[in-house]
1. Does at least one position in the stretch 327-342 carry a residue that is part of a helix (DSSP H, G or I), open to solvent by 50 Å² or more (accessible area, probe 1.4 Å) and farther than 30 Å from Pro103 by Cβ?
2. Inside the stretch 103-118, can you point out the residues that are open to solvent by 40 Å² or more (accessible area, probe 1.4 Å) and either closer than 18 Å to Leu432 by Cα or not hydroxyl-bearing (Ser, Thr, Tyr) (or both)?
3. In the stretch 143-156, is there at least one residue being over 30 Å from Leu215 (Cα atoms), assigned to a helix (DSSP H, G or I), open to solvent by less than 40 Å² (accessible area, probe 1.4 Å) and in contact (Cβ under 8 Å) with a residue 24 or more places away in the chain?
4. Condition check: touching a residue at least 24 places away in the same chain (Cβ under 8 Å) and on the phi > 0 side of the Ramachandran plot. Does Gly445 satisfy that?
5. Val483 versus (1) aliphatic (A, V, I, L, M); (2) farther than 19 Å from Glu132 by Cβ; (3) open to solvent by less than 60 Å² (accessible area, probe 1.4 Å): which is the lone unmet condition?
6. For the subset of the stretch 395-429 comprising residues that are under 30 Å from Ala189 (Cα atoms) and hydroxyl-bearing (Ser, Thr, Tyr), which member is surrounded by the fewest Cβ atoms within 10 Å (Cβ to Cβ)?
7. Which pairs turn up if I take residues in the stretch 374-399 that are within 18 Å of Arg422 (Cβ to Cβ) and look for partners that are among the basic types (Lys, Arg) and open to solvent by 60 Å² or more (accessible area, probe 1.4 Å) with beta carbon separation below 9 Å, at least 6 apart in sequence or on another chain?
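The values are calculated or read from the model by the stated rules, or taken from the named source; none is laboratory data. Values in this document were obtained by computation on a predicted structure and should not be read as measured data. Please note: Cβ atoms are built from the backbone with ideal geometry, for glycine as well, and neighbour counts cover all protein chains shown. Ligands, DNA and RNA are stripped out before the accessible areas are found, and what is left, the full protein with its side chains, is counted by its heavy atoms. Shrake-Rupley method; radii C 1.70, N 1.55, O 1.52, S 1.80 Å.
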Amino acid sequence: MHKGGVVNRLVLSGSAIALALAANPAQADTLQEALTDAYVNNPTLEAARANQRATDEGVQIERSAGLPSVDGAASVTEFIKQRSTSFFTPDRVLTAGVDLGVPIYSGGAVRNSVAAAKERVQAGRADLRGFESAIFTRVVAAYMDVLRGQALVALSANQVDVLLVNVSATSDRFEIGDLTRTDVAQSQARLALAEGDLRSAQANLIAAREDYIALVGKAPTDLQAPPPLPGLPGDVETAVDVALENNPDLIAAKERAAAAGYDIEVAGSSRLPRLSVFAGYDYDNYLGSIADGPLDPSDPNSPIVPSDQTATAASAGVSLRIPLFQGGRPAALQRQATARATAAFENVVAAERDVIAQTRAAYSSWQASLAIIESSQSAVDAAALSLEGVRAENSIGNRTILDVLNAEQELLSSRVQLVTARRNAYVAGFSLLAAMGRAEARDLGLGDEGVLYDPIDNYDRVSGSVWDWGRDPAPEAKTSSTVDIPAPTAEIPEIED
């Protein structure tokens, strides 16, 4: 009876890996759905998009320095006490004026500042791609961690059940004098260890589900096994070549280096002349405070006429400013910009090295995990066969209870290693795609969901906007809180026979 129970449970544990990875597919969440949810509801990614919109404004901010400006001013002055030598003594005056300034030449400062801002916009877009890849990589890892956690909980729970049967069977055989107290104690010790392993597996599953909730914004529900990863390279050299061309972090570093080159020219432009044209119009109104006077002041009999209470004036001209000496400030600014540009170019080399190292490491991890999957599967098959033989030999007295317990532990360890290797292979493969610049929304088919965020849309919206009173809606968080999501448990989907 006990032996039959053990065999049935072992068959269950042998299928637990596949079933725990794809339980109840009719209502399961898919990896595609998890990635889509994270894409539209991850606060870190949404913050990166907002920061990119702020970067977009840099172009218009720099461009505005080269556009015409119009200023208006008005004031009312009450003269409490006039100068004793003043022959023109109004009591009050309203003054208003409009001034127009048009920069003509600024030493290339505006042109180069705009060019630098555009390069930084391009760098920001590459950074946004990198944020997407990083978030998606974390989502994939969290997704696979939940699947692995469910499989390990299933295996650990099954091992506890198996050892419970073993303890019962060992106790029965001890009662009839077939085994010793040592055999019973060994079985009980292994059961206690298995129960501890089960608690650890359950805690790890809860932690994995919490991480999933933080990234995706909702609790995982009966996750399906993930689909095969597309576009994985055939060799490491191909992977590196693709990464050097498409990796967003490397592209961003190159764009920042180009922007730093323009900054050098901006810093040096302060030594060059500034040319602008200007025009102004002034209006004065003395608000009836000028007394009426004779038409001819030299004639005592001249009739009194009202005084003119208003005056206007207009002006226009050209302004040329030629810096002659500024205490070394332009040279210092340019040396500073040159040093920062040098740092930016070194950062390009550093980013290139990192991309190469990450790509090669991810490829190596992926290949190693694939090899481990193959060897672990062989180990599972061999351990299952070994356990069957040890049990048979134990039944005729050629093997001890400890031999049976060790064989059971070896089979469990092999299955755990197989589950872990499958998880590691998938995560390493996705990390490899991310390093190659092929793990973004369009690459993952999220465009089919109609949710793609295009940063160019906002750039086109604000580009050339010269209305000073334009503004966006008040800031608010677009992503949802997870405070109302119940705390996850270590329960796993039911496994049907």
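1. Residues of the stretch 327-342 part of a helix (DSSP H, G or I): 329-342.
Within this subset, residues satisfying the condition of being open to solvent by 50 Å² or more (accessible area, probe 1.4 Å) are 329, 333, 335-336, 338-340, 342.
After this cut, where a residue has to be farther than 30 Å from Pro103 by Cβ as well, the list is 342.
Scanning the stretch 327-342 turns up at least one residue that is part of a helix (DSSP H, G or I), open to solvent by 50 Å² or more (accessible area, probe 1.4 Å) and farther than 30 Å from Pro103 by Cβ.
2. Residues satisfying the conditions are Pro103, Ile104, Arg111, Lys118.
3. No, the stretch 143-156 contains no residue that is over 30 Å from Leu215 (Cα atoms), assigned to a helix (DSSP H, G or I), open to solvent by less than 40 Å² (accessible area, probe 1.4 Å) and in contact (Cβ under 8 Å) with a residue 24 or more places away in the chain.
4. yes
5. Failing condition for Val483: (3).
6. Result: Ser395.
7. Within 9 Å, the pairs are Ser376/Arg422.
Residues are listed down the side, and each one gets a yes or a no for (1) assigned to a strand (DSSP E or B); (2) of a type in the set (A, V, I, L, M); (3) touching a helix residue (DSSP H, G or I) at 6+ places or on another chain (Cβ under 6 Å):
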site: Glu33; (1), (2), (3): no, no, no
site: Ala54; (1), (2), (3): no, yes, no
site: Gly58; (1), (2), (3): no, no, yes
site: Arg63; (1), (2), (3): no, no, yes
site: Ala74; (1), (2), (3): yes, yes, no
site: Gly97; (1), (2), (3): yes, no, no
site: Gln122; (1), (2), (3): no, no, yes
site: Arg125; (1), (2), (3): no, no, yes
